[in-house]
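Take a look at the structure below.
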Amino acid sequence: MCGINTVKMNNDLVKLSAESVNLWFGSKQVLKNINIDFAPNQVTALIGPSGCGKSTLLRAFNRMHDLSPDARIEGKLVLEGQDLYDGHFSATQVRRRIGMVFQKANPFPKSIYENINYGLKINDIPKAERKGIIENALKESYIWDELKTELDKPATRLSGGQQQRLCIARAVALRPEVILMDEPCSALDPLSTLKIEELIVKLKKDYTIVIVTHNMQQAQRVADKTVFMYLGEVIEEGETKELFNNPKNELTGNYVKGRFG
Amino acid sequence: MKLAAREKIDDAVKLLFRTTGLLVIAILGGIFFMLIWNSVAFFLKIKPLDFITGTQWNPSGSNAEYGILPLLVSTCLVTLGAMTIAIPLGIGTAAFLSEYAGKRLKSILKPVIEMLAAVPSVAIGFLGIVILGPGIAELTGQSNGLNALNGAILLAVMALPTIITVTEDALHGVPQSYREASYGVGANKWQTLIRVTIPAAAPGILAAVMLGVGRAIGETMTVLMATGNASAFPKGFFHSVRTITATIAIEMGEVPYQTTHYYALFAIAAVLFLITLAVNLIGEYFVNKFRKYQAA
Amino acid sequence: MKKLTPLIEWGTLLFCTGMVCFFLVVILWDLISKGAPSLSWEFVTSLPSEGMTKGGILPAIIGTVLLTMITALVSVPFGISCAIYLNEYAKDTWLTRLIRASIRNLAGVPSIIYGLFGLALFVQGLQMGTSLISAGLTLGLLSLPYVIITTEEALRRIPASTREAALAIGATQFESIRDVVLPSALPGILTGVVLTLSRAAGETAPILFTGVAFYINNPTGFLNQEFMSLPYHLYMLSTQHQAIEEVRPLAYGTALVLIIVVFLLNLTAFYVRYKHSKDE
């Protein structure tokens with residue numbers, strides 16, 4: 001009954017997908033029969049009012065709900081044809097391939113250098129290669145020029161925008177295939193937001209990006225495709241321009257025009 | 001390290017953490033078992049009724065008697081005295097801290113209470129001997145002031161920090177809107193405290209009192225040093241008494257292993273354990289009640 | 001009359017608070033004024049002599065330090081591990097609730113009962129005899145619930161986003177705890193541990209039957225030997241000595257040293273807490 005507008009894409013154009021996903025916290029159903037495909041090297045925005053389940057869906061993709069004892073998932077979450085939950089992958093493997101950037105920048109209470117180095121270290125990347133990777137990741141995230149002389153400073157001293165870009169660099173350094181972003185700019189000022197948005201657009205040539213956002217303008221600026229969710233269901237999805245200018249569903253129209261949310 | 005190895009370590013460590021959690025249950029179970037086991041050995045030799053109703057504790061006499069009543073009454077007497085002093089003082093201080101004291105005064109008073117809590121019980125007992133004892137002796141004309149009153153005052157000092165801290169938390173947890181509502185109908189600060197804030201915090205304050213009682217009943221060194229330890233049936237606050245804890249402390253060091261007397265000490269310890277358990281459970285009940293009430 | 005009432009009301013509360021402060025002042029004043037004259041370098045570095053009527057308290061200081069160290073070795077790894085299990089892994093099942101109830105009850109068990117447990121389990125059951133190790137294990141068990149409760153509180157203050165940051169880059173749960181959660185919670189854990197140990201250092205009842213001795217002539221304690229300790233030394237000097245009045249200055253000196261040790265540990269804890277709160 002929902003996701004009715006889904007036109008199944010050609011399979012090799014699907015990087016990541018949800019198939020009939022239901023999710024409960026205790027007895028409360030938060031996701032209802034979600035079916036979405038995410039194409040490779042595209043930015044897809046998940047929009048919808050608070051509590052619509054968009055963050056919950058995002059976190060299901062890198063198994064962040066594993067730690068919530070009362071979360072229960074049904075259906076399939078699939079990365080390149082492989083179910084993320086069927087025991088083929090461990091949670092650690094999934095998270096290695098699907099990186100995540102959080103709502104509030106959460107750098108480790110370590111130096112800037114160590115923030116990126118830590119992920120490399122635990123993931124067994126040879127010591128000799130690490131320095132280059134770190135430099136590269138910082139360049140990819142466009143903070144190398146700002147930070148190259150203070151790599152040994154504590155990351156917690158950076159500005160909010162710099163911290164968030166460092167967190168993106170930390171994710172990028174591990175060369176994941178997909179990067180999930182959970183309202184990455186909601187705590188930032190407009191200028192930092194702009195920088196992150198530019199970064200997102202540049203990153204999509206190497207990564208598949210799924211971004212949850214509250215900000216309609218942001219979705220229109222960065223996303224190729226947009227998915228509108230409401231009360232745990234996918235109401236409408238499509239090309240960003242199409243969805244914002246010609247919404248097929250009345251709810252979508254009301255939401256993107258700012259009548260509720 | 002390879003991922004498989006890392007995940008194996010992860011599982012192993014989780015098991016280790018879980019084991020320590022289970023061991024905690026085993027420790028409480030072990031204490032329980034030890035008390036029960038030795039008490040049963042005692043009750044095989046002495047009738048439970050004689051133990052509960054006996055008014056003489058005289059285990060080393062030729063006609064040994066194992067009545068717990070004098071010890072139990074001593075413990076209750078000292079605890080009652082301590083609470084009579086500590087409850088009003090503790091609630092008053094907590095109310096002062098929570099409702100009247102400014103930020104600066106609080107930052108001085110909090111460390112005072114924390115320091116008081118840190119003084120070892122043996123040091124408090126020592127002061128009972130060198131200061132309070134002679135003081136009481138002078139007032140009453142007794143040869144020494146080592147009696148129930150002395151122990152009660154010292155235990156009050158020891159229970160105060162607990163009572164103050166928990167009561168202040170409880171008062172602090174009362175929503176500001178309650179006080180505002182009270183001021184709104186023209187009540188002043190004192191009326192608000194007595195008629196609104198304290199009743200609203202009552203379950204939390206009761207929990208504080210129960211924790212204080214638990215602390216006082218289980219305290220050993222202070223009462224051992226300050227109450228004189230006469231084993232006769234207690235006659236009042238100005239007489240020497242001997243609590244359950246003091247009896248164990250005095251006699252366990254000298255009693256031969258696995259004699260009736262040895263088992264008897266475990267039996268009175270079991271009674272002490274059950275009393276503190278009950279007191280703590282009641283305290284916990286009130287804490288939960290207060291939390292629920294706060295959440296509502 | 002109307003003007004006076006608020007003054008009386010306010011005065012009542014002030015009186016209560018004043019009494020509490022008065023207690024502390026009396027304790028500190030008496031111990032310091034009468035204990036200070038006994039304090040000397042010799043007092044803390046020499047053995048007791050002439051039937052305890054002269055000399056110092058070195059073996060008691062060493063005994064208390066060693067005992068506290070063993071207590072820490074037992075209760076800290078055990079307690080932190082259990083707190084990690086409860087806060088990071090345990091789901092809300094009946095078993096978890098049983099563990100939590102056990103911890104709260106253990107915290108309420110009178111210390112003398114720990115003494116009996118140590119006697120039955122370590123001294124007699126495991127044949128360790130009255131010794132430093134038996135007493136240390138007993139005090140370790142006594143301290144355990146406090147270490148668990150304070151550590152869990154420190155862990156609870158670490159936001160979920162900190163754990164997720166590590167997990168999201170492919171750390172296992174243990175790696176995220178070891179490398180990120182524990183280092184962040186360290187100041188809180190340390191504060192709790194030091195406060196717990198300061199309490200343990202002043203405990204007497206649990207070591208009465210598990211290993212403490214009135215006098216030993218060998219100041220370097222061994223695990224399987226009896227030992228002297230400051231609180232027990234104070235107890236003996238003030239109640240059990242044959243010349244109580246004569247040794248009173250020694251008792252005061254011992255009490256002062258004991259309280260200095262305990263307060264120093266407390267100050268350390270407050271310093272860690274203060275420094276951490278400033279850093280944030």
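List of remarks:
- Length gained when the stretch A:ASP206-A:GLU74 is fully extended (0.36 nm per residue, less Cα-Cα span): 44.5 nm
- Rounded, prolate or oblate (a/c below 1.5 giving rounded, otherwise prolate when a/b exceeds b/c) for the range C:1-76 by Cα gyration tensor: oblate
- Computed with a 1.4 Å probe over protein heavy atoms only, the accessible surface of the range B:69-295 comes to 39 Å² per residue.
- The modelled label-to-label distance between C:GLN127 and A:TYR142, using points 7 Å beyond Cα along the C-beta direction, is 7.5 nm.
- Shape category assigned to chain B from the gyration tensor of Cα positions, a/c cut at 1.5: oblate
- A 1.4 Å probe run over the protein chains yields, for the range A:75-195, 43 Å² of accessible area per residue, whole-number rounding.
- Candidate membrane-span-like segments in chain B, meaning DSSP H helices with Cα atoms spread over at least 30 Å of their own axis and a Kyte-Doolittle mean of 1.6 or above, are B:69-95, with no membrane implied.
- Among the protein heavy atoms, those of C:MET69 account for about 110 Å² of accessible surface (1.4 Å probe, every chain in place).
- The range A:125-161 and the range C:263-277 have their alpha-carbon centroids 35 Å apart.
- Selected from B:GLY141, B:GLY92, B:GLY128 as most flexible by GNM, with chain B as the system and alpha-carbon contacts under 10 Å: B:GLY141
- The range C:33-80 and the range B:97-171: distance between their alpha carbon centers, rounded to Å: 25
- Antiparallel DSSP beta bridges within the protein assembly as shown, percent to nearest 5: 60
- Rg/Rh for the protein assembly as shown, where both radii come from Cα atoms and Rh is the Kirkwood radius: 1.06
- Rounded percent of accessible protein surface that carbon and sulfur make up, chain A, 1.4 Å probe: 48
- Carbon and sulfur %, accessible surface of chain B computed with the full protein complex present, 1.4 Å: 66
- Minimum 30 Å² accessible area buried by the other protein chains, the range C:166-193 residues, probe 1.4 Å, relative to alone: C:LEU167, C:ALA168, C:ILE169, C:GLY170, C:THR172, C:GLN173, C:PHE174, C:GLU175, C:ASP179, C:VAL180
- Helix A:160-172 axis, angle to chain A major axis (alpha carbon atoms, nearest 10°): 90
- Mean Kyte hydropathy of -0.5 or more with a Cα span along the axis of at least 30 Å, helices from DSSP in chain C: C:4-35, C:58-84, C:132-156, C:248-279
- Chain C - percent relative contact order, Cα under 8 Å, separation 6 or more: 27
- Prolate/oblate/rounded label for chain C (Cα gyration tensor, a/c 1.5): oblate
- The interface between chain B and chain C buries about 6400 Å² of solvent-accessible area in total (1.4 Å probe, ligands and nucleic acids excluded).
- Solvent exposure of chain C as accessible area per residue, Å², 1.4 Å probe: 42
- Among A:PRO154, A:PRO40, A:PRO69: highest mean-square fluctuation, GNM of chain A, C-alpha pairs under 10 Å: A:PRO69
- Inter-label distance for A:ASN41 and A:ASN245, nm, one decimal - labels placed 7 Å from Cα along Cα-to-Cβ: 2.5
- Placing pseudo-labels 7 Å out from each Cα toward the beta carbon at C:ALA107 and C:THR93 gives an inter-label distance of 2.4 nm.
- In degrees, nearest ten, helix A:112-122 long axis to first principal axis of chain A (Cα): 70
- Residue of B:MET34, B:MET225, B:MET210 that the Gaussian network model of chain B assigns the largest fluctuation, springs spanning Cα pairs under 10 Å: B:MET34
- Helix A:127-140 vs. chain A, principal-axis angle (Cα, 0 to 90°, nearest 10): 60
- Förster-model FRET efficiency, 51 Å R0, B:LEU15 and C:LEU39, C-beta, rounded to 0.05: 0.50
- Residues listed by number, the range A:63-101, amide nitrogen under 19 Å from B:LYS8 label point at 7 Å toward C-beta: A:89-93
- Calculated FRET efficiency for the pair B:ASP50/C:SER277, C-beta based, R₀ 45 Å, to 0.05: 0.20
- Listed peptides A:211-222, C:88-99 appear in the order A:211-222, C:88-99 once ranked by packing, highest mean of other Cβ atoms within 10 Å at the front.
- Rounded FRET efficiency, nearest 0.05, which uses the C-beta distance separating C:ILE260 from A:LYS104 and R0 of 35 Å: 0.20
The values are calculated or read from the model by the stated rules, or taken from the named source; none is laboratory data. Keep in mind that what you see is a predicted model, and the values were worked out from it rather than measured. Cβ atoms come from the backbone with ideal geometry, glycine included; neighbour counts cover every protein chain shown. With ligands, DNA and RNA removed, areas are computed over all heavy atoms of the protein, side chains included. Shrake-Rupley method; radii C 1.70, N 1.55, O 1.52, S 1.80 Å.
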